[in-house]
Amino acid sequence: MANDLKKVDLIAAEAVMILENNLVMAKKVHRGYEDEFEKSVNGYEPGESVSIRRPADFTVRSGAVASSQDVKEGKLPFTVNIQEGVDFEFTSKELTLDIKDISDRVMKPALIQLANSVDRKIMDLYKYVPNWVGTPGQMVNSFTDFYKAPERLDEYGVPNEMRCGVLSPADHAALLGPQTALYINDAAKGAYRSGKLGPLGGVETYMSQNVPTHTCGADTDDAGGAAVDGAWTASTIAYDDVKDLERTPQTLTFDSFATAAPALNPGDVFTVAGLYAVNPVTKARLPFLKQFTVISTANAATNQVDVTFSPAAIWTGAHKNVDTDASDLDNAVVTFMGTGGENYRQNMVFHKNAFGLVMVPMVSPPGAVDVARKTHKGVSVRVIPVYDGTNDKSMYRLDILYGVQAIDPRLATRLSGTP
């Protein structure tokens, strides 16, 4: 029994190191919320969650007279609800091999797949990011193209440190070429010899095959010109209405679609004529329209559709995020990014605190024997052996439990190139 448990421990220890070593996105996002979960001796089950606080905003008074403001932080749930794993089967003869042999032949290829799955779950949070710069469908093939992303983050007052860019293989290759011609020894050498761009415009830049592809809803390029249907004023929605809701959502009706059954997809991005973005600190109007992202599938039988999007447009107060000269945006034209039905890779540039990952030890189930749980640099795995006496084989199931969350999508932007 002691030897069996030792073998399981060795497999678990090797697995957790391989997994941690192959994670990419997981190392570029916020990992501090594991501490919010109580230290459960027996681990966690899927569905357990904690509430995290949204940052509070304030307005600056003018003059000597004090003007007290309520602190409105808001709450955001962080749930560990993703259970994934890989399973290995070994004969007794194979288990007599050195753990390194088992690791190289079987465990490493499988755990690379598992690491990629975790990274993909983080990258899939793109659909909650409303900012999208560039022209969908165009390659990022110059520094000017690339720098539109950090420029947008600068406009929104995002801190310069801990910024990361992740590009698709095609965009990375397109951007790589021009950098090799630069007379900057270290940058050019890295780009030419290893294909790594490194810091670019203050952004650590990486390539990942896990960059997702977004399919625009069928009617995002509707030639009929979608428009707001109904009153949309400063009093339509307040921050108090949405501060404790997961995506700070708002729902409005759009009409004037040319088709009788318009369809929008989660992740579609749109702007509204005359509705501008603002600096989150000064609340001053910025020189571009505020962008919003659709957060649930929207379709209808008529040319009207109720659209739920994020973030809610807050017109006044400490959490103001839009500015307009209109008193009512009824009939304002709505313009979507991209062409309906087309696919676009979702390159992203983001601050570390835009997204979060929590990975916790899984519960040791009652009745299971020789259970091994290992944690290494914030990565936790559980290994449970199951023996098939008829065929003299041992199956080892390896599980992880984690959750991902778009903590503050304002700190990120999607990126396409320009014509």
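Values in this text are rule-based calculations from the coordinates and carry no lab data. Predicted, not measured: the structure shown is a model, and the values here were computed from it. Cβ: placed from backbone, ideal geometry, glycine included. Neighbour counts: every protein chain shown.
Expressed in nm to one decimal, what extension gain is obtained for the pair residue 13 and residue 75 from 0.36 nm per residue of sequence separation less their Cα-Cα distance?
On the way: separation 62, 0.36 × 62 = 22.32 nm, distance 3.61 nm.
My answer for the length gained is 18.7 nm.
Taking the Cα-to-Cβ direction at residue 297 and at residue 215 and moving 7 Å from each Cα, how far apart do the two end points lie in nm?
Spacing of the two 7 Å Cα→Cβ label points: 1.0 nm.
Using only the Cα atoms of the range 239-288, build the gyration tensor, take square roots of its eigenvalues as a ≥ b ≥ c, and label the shape rounded, prolate or oblate: rounded if a/c is under 1.5, else prolate if a/b is larger than b/c, else oblate.
Judged from the Cα gyration tensor, the range 239-288 comes out oblate (a/c at least 1.5, b/c at or above a/b).
Taking a label point 7 Å from the Cα of residue 339 along the Cα→Cβ vector, which residues of the range 106-147 have an amide N closer than 16 Å to it?
Those under the cut-off are 135-139.
What's the FRET efficiency of residue 388 with residue 325 using the Cβ-Cβ distance as r and R₀ = 60 Å, to the nearest 0.05?
Numbers: r = 73 Å, r/R0 = 1.21.
That gives a FRET efficiency of 0.25.
What net charge is computed for the residues neighbouring residue 400, neighbours being all others with C-beta under 15 Å from the C-beta of residue 400, Lys and Arg scored +1, Asp and Glu -1?
Numbers: positive: 31, 120, 121, 373, 374, 377, 382, 397; negative: 14, 20, 34, 45, 48, 84, 87, 119, 399.
Overall, the nearby charge balance is -1.
Take the range 344-419, compute every pairwise Cα distance, and split them into 5 Å bins from 0; I just need the percent in each bin.
Going from the shortest bin to the longest, the percentages are 3, 12, 15, 13, 12, 11, 9, 8, 7, 5, 3, 1, 0.
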